[in-house]
Amino acid sequence: MSSSTAALPDGPRRISRETLVKWAPLLVLVVLVLLFPLFEWLEDFRDGKDHIYLLDSRFLSIRNFARIAISASPALMVAIGVTFIILMGSIDLSMEGTVSVCAVMFALMFIGMGGTLASWAFLAIPGALVVGAVMGFINGLVHVKLKIPSFMASLAMGFVGTGFALLLTGGDRIRVEDEAFRSLLTVRWFNFPVMCYVALLGLLVAWFIQSRTTLGRNFYAVGGGEELAKASGLNVNRVRIMGFTLAGVFFAMGALLAVGRIGIAETATGNGFMFVSITAVVVGGTALWGGIGGVWNTLIGVLIVNVINNGMVVIGLPNWVQDGTLGLLVIAAVVLSTDRRSVSFVK
Amino acid sequence: MTLETLKPHFPWITLLVLVVLVGALNPSFFDPGALMLLMADIVPLFIMAMGMTFAIYIGGIDLSVQQLANVVTVVATVYLANFGIGVAVIAILIGFLFGAISGYVTTRLFVPSFVSTLAMGFVALSMAKWLSDQRALSMDATLRNDSFGWMFDTTAGFPNELIIALILLALAWFLQTRTTFGRSLKAVGAGELAAVASGLNVDKVKIIAFAISGAFAAIAGLMFSVKLSGGDANLANGFLLLAIVAVLVGGTPLTGGVGGVVNTAIGTLIVMVIRAAMVYLEVDATQQQMVFGIVLIAAIALTIDRSKLRGIVK
């Protein structure tokens, strides 16, 4: 499966494919950040307005960066969750359902227990994380115990989740208007709302899990070569189930931030997360085949996706362009990260 | 009689049991007129599922069908005035082309089909949003009736929709069982590596399979659009789950190689009976998705060929 990754001793000047793939996402992000102001500059130049490239850019402003960070925060949590799964060479497509269920359960618990963070209702936050863990755990069980490929097991569980969220809400929207909870969005430290710092904390926790815990190392072991991992005595099934459970917890984090951002929990809260998060992970450079990449890649990927979405609006492109662009981007990213010599056939 | 020899018979036995159960609960279920309406109602789903069968039969999946149907509803509505019944040709071409591109991306660029089709689905969504200007469009009633009104007439007591479905089924069945392409499909589905080794142009077979899936999704979208007399970028949402369920409960496993379009006809009928039962038992419409999600998991678990997964389930 894997090709030789050993660095060649001769010709250190030549950029290897591995190096290129490793740094391409960051390069793309930098190019995008420089590209959108260029479009703005061109437009103003054409109209004969004064515009100093980069300095006068509306895109390159703190206010706009905060906007990007706000829209990226929930997506980052969801994408980190699925990163662990993709590292193992599996996939999780259940996020839309899981996010919806977590959001709705959170809102119901939160309002049921007092409706403000200053009461027992704060327990709804760990409560939602537990709901996410349980959903992920069931997802992992279905995948591992029934031996169903993960993309299908999780897709089906996602449908069940969306259906369950619909059952809970009956199609209604639940408003979460507590000021203390909404301070996730309304209170800003250094121009960025609190939810961005929460997302950053989530990222650091994920990084710790990935690099400093046995579980994190095991994700890479399973993704790098499942048979080898099995032969060396690793309980692969257990790692998988724990991976899906962990992913569920991060989906729940994403749900909390999504509710904090909009102030509403509903069946549609999870809509759109599947494609955005998969795109982000893949574009960030985590290989679909497993074993390569990690949460920092996902941060870059989420930023790329959100910069594209935001930048297109800033330079005045209609928003229907976004879906198609992301679609082509994900194909390009998978193609770039795939080593043709090592893949025999693809289903 | 072991479980393995019984397995191919599961789908029709399930259908029979369900029909008897629903009939016992609600004898009016057997009323021929009502039954015919129920079946005519599910025709777009059946056509979509029939196309999906080809993608699953070769061991892939097509997650773009719903979006392809969406874009076709928009295309049909927008261009009905210009081309009349000719929009059918355009619709099918669009579906075929999108499917072929998905197939190309899967086979030549080594992108797994669930990613390539998901991505192409979003390209289709872009197109649908662009053409529809993100509004719900409706067809001009006269134009619609002139070009497609015949779809809802009856011939010798049978709704024309059902007849269209049967013709397409016959066509797909012929393609699958009586042509070289059909044999190649079987070879690819049963064992891709062996098919490659025996000199078969596997990539071509797979690309055509995805293209057929796209074309059928387009026909489904067209019929749905004419039925509802309009189009928008989200009109066909909700079809994907049911289409996958119909293929899998019909007995074409996710691992491919066995089953086929006739199985999918049975699978679609199972979906129809479950729906009818839910209406009769007054199960809320909001619970349908949950029920079908669970049915899907059960169907996959029962049909999947684990020997093909070689011990590793990713």
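The values are calculated or read from the model by the stated rules, or taken from the named source; none is laboratory data. Small disclaimer: the values here were computed from a predicted structure and weren't measured. With ideal geometry, Cβ positions are generated from the backbone for all residues, glycine too; neighbour counts draw on all protein chains shown. When the accessible area is computed, the model is the full protein with side chains, heavy atoms only, and any ligands, DNA or RNA have been set aside. Shrake-Rupley method; radii C 1.70, N 1.55, O 1.52, S 1.80 Å.
How much accessible surface area, in Å² rounded to 10, belongs to the heavy atoms of residue A:96 with a 1.4 Å probe?
My reading of the accessible area for residue A:96 is about 50 Å².
Which whole-number percent is the relative contact order of the range B:178-281 (Cα, under 8 Å, 6+ apart)?
Numbers: 72 pairs, mean separation 25.0, N = 104.
24 percent.
What helices does chain B hold that run 20 Å or longer along their axis, going by alpha-carbon atoms, with a Kyte-Doolittle average of -1.0 or more, using DSSP H for the helix calls?
Span-like helices, by this rule, are B:10-25, B:43-57, B:65-83, B:87-108, B:113-132, B:160-177, B:202-228, B:261-280, B:288-303.
Can you give the accessible area of residue B:133 in Å² (nearest 10), computed on protein heavy atoms with a 1.4 Å probe?
100
Report the full-extension gain for the segment residue A:42 to residue A:205: residue separation times 0.36 nm, less the Cα-Cα distance, to one decimal in nm.
Separation in residues times 0.36 nm, less the Cα-Cα distance, equals 54.5 nm.
Express the relative contact order of the range B:43-237 as a whole percentage, based on alpha carbon pairs under 8 Å and six or more residues apart in sequence.
Computed value for the range B:43-237: 49 percent relative contact order.
Checking the cross-link filter: which lysines have an alpha carbon closer than 30 Å to that of residue A:145, excluding same-chain neighbours under 8 positions apart?
Straight-line reach from residue A:145, under 30 Å: A:230, A:347, B:7, B:186, B:308, B:314.
Which whole number gives the average count of other chain Cβ atoms within 10 Å of the Cβ atoms across peptide B:105-112?
6
For residue B:141 and residue B:237, FRET efficiency with R0 = 22 Å and r from the beta-carbon atoms, rounded to 0.05?
0.35
For A:240, A:46, A:67, give me the order by solvent-accessible area with a 1.4 Å probe, most accessible first, ignoring ligands, DNA and RNA.
Output order, biggest surface exposure first: A:46, A:67, A:240.
Just grab the label-to-label distance for residue A:20 and residue B:21, each label 7 Å out from Cα along the Cβ direction, in nm (one decimal).
Here the answer is 5.7 nm between the modelled labels.
When all C-alpha to C-alpha distances in chain B are sorted into bins of 10 Å, what percent of pairs does each bin hold, rounded to whole numbers?
Final binned percentages: 6, 27, 35, 24, 8, 1.
What number comes out for the charge environment of residue A:240, summing +1 per Lys or Arg and -1 per Asp or Glu over other residues with Cβ under 12 Å away?
In short, +3.
Show A:102, A:196 ordered by accessible area, largest first, where the area counts protein heavy atoms only and the probe is 1.4 Å.
The most accessible residue leads, giving A:196, A:102.
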